[in-house]
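As structure tokens, the structure follows; a few thoughts come after it.
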Amino acid sequence: MMKKYLVASLVLFCFLSIFNMACSFNNTNKNAMDTASVTTKNFGTLEGKPVTEYTLTNAAGMQVGIINYGAILTKIITKDKTGALGDVITGYESIDGYVQKGNPYFGAIIGRYANRLAKGAYKVDGVAYTAAINNNGQSLHGGLKGFDKVLWEAVVLPGDSSIQLSYVSVDGEEGYPGNLKVQVVYTLTENNSIKIEYTATTDKTTVLNLTNHAYFNLTAGKSPNIYEHIVQLNANKYTPVDSNLIPTGELLDVKGTPMDFTTPKKVGQDLDKVAGGYDHNWVLNKADGLAEIASVYEPISGRYLTVATTEPGIQFYTGNFLTGTLTGTKKGIVYNKHYALTLETQHFPDSPNQPGFPSTLLKPGETYHQTTVYSFSTK
Ligand code: GLA
């Protein structure tokens, strides 16, 4: 009897040992092959709740930071042509910087309506609404407390390369109808792309225009301006604006004007010929669906950024309102005028008031989808 137990125990012991070895072999193997990772860091507290920075890292060593406040992109660390890593977007060390008055939407998700609505006024199904006014009598980037200023619920998705952020904007918030459920998924791919996928549903017809407001300086702080960045935009037309930066409704040809970026051009080449600097919506030459529509090349670092989107427009803005006064910036960098540029993929500003522009209405039963991909390489 005793002998039987001994043999059985021995067999069990051997089995467990072999099983264990197999498991640890598997684990080692998995770690060696799948090096995408997510780490978290305390970024401060807000409204008594923790703000967390999630850092996605891929096998190539590229890093992307995202916080659950404003679904903000806090850092994009990529290699230059020598292999040295550098952070190519503006931002702050902690939540304190992001909540300061005058933070110009660094890295944030913008909603419900990206860019301007004239006097905040618009109609849905004949009913008049007024979105919160916050910019020279206009409504800019969602109003007083847009999607950039709220806490989102963040979840790390399986695979350790995506973060999903969710937010429910209640009926009437900032002057917009309907309870709107929004989700944004950021994915860092193995080929150094940041994919941003947006989805949303509503229970009443509303207007919706989402974007991300990252400011890029591809020198990663080596140059205090973007004059030498070479930009290309696949757009034969743009939407001119009035003195309040509200589109006039026209679509004008870029040909022969400082707005022409159909072939790659230095940002600084015609910048002083545009009153106030570039801050316009370009009408993209594209059909429906995801297409590559813009690129930026920075010769000193060799960094090359391409932008693909499903959206019909892009706001190319040259940081004209940066004044070097923001505090708590990353490494104490002074963000002066023209330090960085934005490429905000979007529907055209003030579309609800412009019958000639593509519609930004979202109805109950429909799902809003938007995808934008920022891809990094060097050359
Ligand atoms: C957008 C607008 C600009 C400015 C910035 C934020 O790009 O078009 O006019 O408001 O956001 O400062």
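If you scan the stretch 52-70, which residues turn out to be among the small types (Gly, Ala, Ser) and away from the ligand (no atom under 16 Å from the Cβ)? Within the stretch 52-70, ALA59, ALA60, GLY61, GLY65 meet the criteria.
Can you name every residue in the stretch 142-156 that is under 25 Å from LEU56 (Cβ atoms) and surrounded by 22 or more Cβ atoms within 10 Å (Cβ to Cβ)?
Those that are under 25 Å from LEU56 (Cβ atoms) and surrounded by 22 or more Cβ atoms within 10 Å (Cβ to Cβ): GLY146, PHE147, ASP148, TRP152.
Within the set ILE246, ILE230, the sole residue that is surrounded by fewer than 22 Cβ atoms within 10 Å (Cβ to Cβ) and away from the ligand (no atom under 16 Å from the Cβ) turns out to be ILE230. Screening the stretch 32-47 for residues that are exposed (fewer than 11 other Cβ atoms within 10 Å of the Cβ) and of a type in the set (A, V, I, L, M) and picking the one that is modelled with the highest pLDDT gives MET33.
Looking across the stretch 116-137, just one residue is within 16 Å of the ligand (Cβ to nearest atom), in contact with a helix residue (DSSP H, G or I) (Cβ under 6 Å, 6 or more places away or on another chain) and either among the basic types (Lys, Arg) or not in a loop (DSSP other than H, G, I, E, B) (or both), and that is ALA118.
The residues of the stretch 71-115 that are free of Cβ contacts under 8 Å to residues at least 60 places away in the same chain, assigned to a loop (DSSP other than H, G, I, E, B) and either buried (at least 24 other Cβ atoms within 10 Å of the Cβ) or within 15 Å of the ligand (Cβ to nearest atom) (or both) amount to a single one, LYS101. When restricted to residues that are acidic (Asp, Glu) and in a strand (DSSP E or B), the stretch 286-321 contains 2. Are any of the residues in the stretch 349-368 within 17 Å of the chain's Cα centre (by Cα) and assigned to a strand (DSSP E or B)? Taking every residue of the stretch 349-368 in turn, at least one turns out to be within 17 Å of the chain's Cα centre (by Cα) and assigned to a strand (DSSP E or B). Taken over the stretch 206-221, the criterion of being in a loop (DSSP other than H, G, I, E, B) and within 16 Å of the ligand (Cβ to nearest atom) is satisfied by LEU210, HIS213, ALA214, ASN217.
Taking the criterion of being closer than 19 Å to SER295 by Cα and more than 25 Å from the chain's Cα centre (by Cα), the residues of the stretch 239-262 that qualify are VAL254, LYS255, PRO258. Scan the stretch 310-353 for residues that are more than 16 Å from the ligand (Cβ to nearest atom) and either of a type outside the set (D, E, K, R) or closer than 30 Å to ASN179 by Cβ (or both) and the total you get is 9. One residue stands out among those in the stretch 275-293 that are within 16 Å of the ligand (Cβ to nearest atom) and under 20 Å from the mean Cα position of the chain (by Cα): the one that is surrounded by the fewest Cβ atoms within 10 Å (Cβ to Cβ), which is ASP279.
The values are calculated or read from the model by the stated rules, or taken from the named source; none is laboratory data. Only a predicted model underlies this, so the values are computations on that prediction, with no experimental measurement involved. For neighbour counting, all protein chains shown are included, and Cβ atoms are generated from backbone atoms with ideal geometry for every residue, glycine included.
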